[in-house]
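Scroll down for the structure; my scribbles are underneath it.
Where a number appears in this text, it was derived from the coordinates with a stated rule and is not lab data. As the structure is a computational prediction, the values presented were derived from the model and not from experiment. So basically every Cβ, Gly included, is an ideal-geometry build from the backbone, and we count neighbours across all protein chains shown.
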Ligand code: UD1
Ligand code: CA
């Protein structure tokens, strides 16, 4: 079976009440339109034509260069019938079955489309449509059948009579049309009430011409929910979230509360990982085997390797956390960082564009920016790499086995050599050689009986004031 696909995505999406083109609204990290395209790829189509409207540029940019996809523009949204007519010209020369889908039905599954196409070809139809039963048929087109149960037409909600409105079998917006069917799209008449050419009218037109048509009620409401409003969008987001979580539960991931975890479509998680409530895994994130992700963690575009522990309220962006490392609670790992094996990053530690060697510890209140830190280093509480001089960023190098005393500032560019110590409270402006002790603070002095003298002085002043 030779398949071509058309995605209708040129509508204004006015009901969304948004500046963003409707089909580019993202659901769990992926724009609605991309969800639809990912499903269509599974049909192995020879071509996918995306019909875009005034947002053609943004839509093209979001998809990029995909050889199987071509774009046509419907400058004025004159209805779904007119949109398909525009796509038809781009399919000149192709022969086979054209599958038409709306760009605003992102939950659509390839399994159902394949089943639909099998029925379409088995029945040797020229035109088929896919329908489903909607608990609340709302704004969907109603499927009108005759006494024998054959489809006669589709009537849009706004044009339906009170009796027709009660019909629960509705149009999913999915059609299969053979390319050798006489050109029906041009015969669709303008719907005067809406001022649009309805693609749904193709059924009535084909029926009148005695062309073989079919309607298959095989979809479920959850799968074909169209997104017209923000309310629909919220429902679809919830349904897709449930679908994603179910997939990971089946693959051996343990969720303490499946209702409060959000995982983007491109994320990958390995077996035996435990995920606590209110965790957000986003973008191109990979979580290894046997990790524990505690509550209120957001991980974006990052790799967390096997056995790592991410403690409460931690944000990790564009970084790698290696095997058995522990990060958090309340840590921020910023882009370009690499947290080595068995490293401990503790409370209120911020790491930016830094590489941290294995078994190093920065357990409390620390900022490590633009730094290269070796293995087995101990970074004391309150350490700050001062990487910015007001104009440029500079690098701090801390070699293996170094000990940085608490409350130290390392003024970059600076290097602390292997095994060196930095005394607590130091401001280090020069390199510290290997195995040396670097101290950068004023020496402590103790003034003997200073308190007694102070008390005496105060007492004298008070008695002087009392006398005067
Ligand atoms: C449409 C169907 C309806 C069906 C429902 C399923 C029509 C007339 N109605 O209604 O029977 O139950 O989908 O979800 O087809 N579009 C264009 N150009 C246009 C108008 C729309 O490309 O001129 C695109 C939109 O971007 C959208 C899709 O076509 O992705 C459907 O349009 P929309 O306005 O959402 O139609 P519905 O009212 O949902
Ligand atoms: Ca719609």
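Please rank 199, 368, fewest neighbouring Cβ atoms within 10 Å first, as an exposure proxy.
Placing the least packed residue first, the sequence is 199, 368.
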So the FRET efficiency between residue 14 and residue 187, C-beta based with R0 = 35 Å and rounded to 0.05, is 0.80
Could you work out how far apart the two model spin labels at residue 1 and residue 135 are, taking each label as a point 7 Å from the Cα in the direction of the beta carbon, and quote it in nm? 3.1
Separation in nanometres of the label points that stand 7 Å from Cα toward Cβ, at residue 364 and residue 464: 4.4
Summing -39500 (n - 2.57) over the DSSP H runs of n ≥ 4 in the chain and dividing by its residue number, what mean residue ellipticity at 222 nm do you reach, to the nearest 500 deg cm²/dmol? -6000 deg cm²/dmol
Taking every pair of Cα atoms in the stretch 380-468, average 1/r, invert it to obtain the Kirkwood radius, and report Rg/Rh to two decimals. 1.36
Residue span residue 418 to residue 284: 0.36 nm per residue of separation minus Cα-Cα distance leaves a gain in nm of 44.6 nm
From zero up to wherever the largest Cα-Cα distance of the stretch 210-301 sits, split into 5 Å bins and tell me the percent of pairs in each. 3, 12, 20, 22, 13, 10, 8, 5, 3, 2, 2, 1, 0
Can you tell me how much longer the chain between residue 229 and residue 292 gets when fully stretched, taken as 0.36 nm per residue apart minus their C-alpha distance, in nm with one decimal? 19.0 nm
Nearest 5 is fine: what % of DSSP beta bridges in the chain come out antiparallel, could you say? 20
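May I ask you to derive the FRET efficiency for residue 146 and residue 312 from their Cβ-Cβ distance with R0 = 60 Å, giving the value to the nearest 0.05?
0.45
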Give the peptides 92-98, 335-341 in descending order of average Cβ contacts within 10 Å, highest first. 335-341, 92-98
Give me the number: length gained by fully extending residue 44 to residue 445, i.e. 0.36 nm times residue separation minus the C-alpha to C-alpha distance, one decimal in nm. 136.3 nm
Separation in nanometres of the label points that stand 7 Å from Cα toward Cβ, at residue 455 and residue 180: 11.1
So if R0 is 22 Å, what FRET efficiency would residue 158 and residue 54 give, r being the distance between their Cβ atoms, rounded to the nearest 0.05? 0.40
Spread of Cα-to-Cα distances over 10 Å intervals beginning at zero, given as percent, for the chain: 4, 17, 20, 15, 13, 11, 8, 6, 3, 2, 1, 0, 0
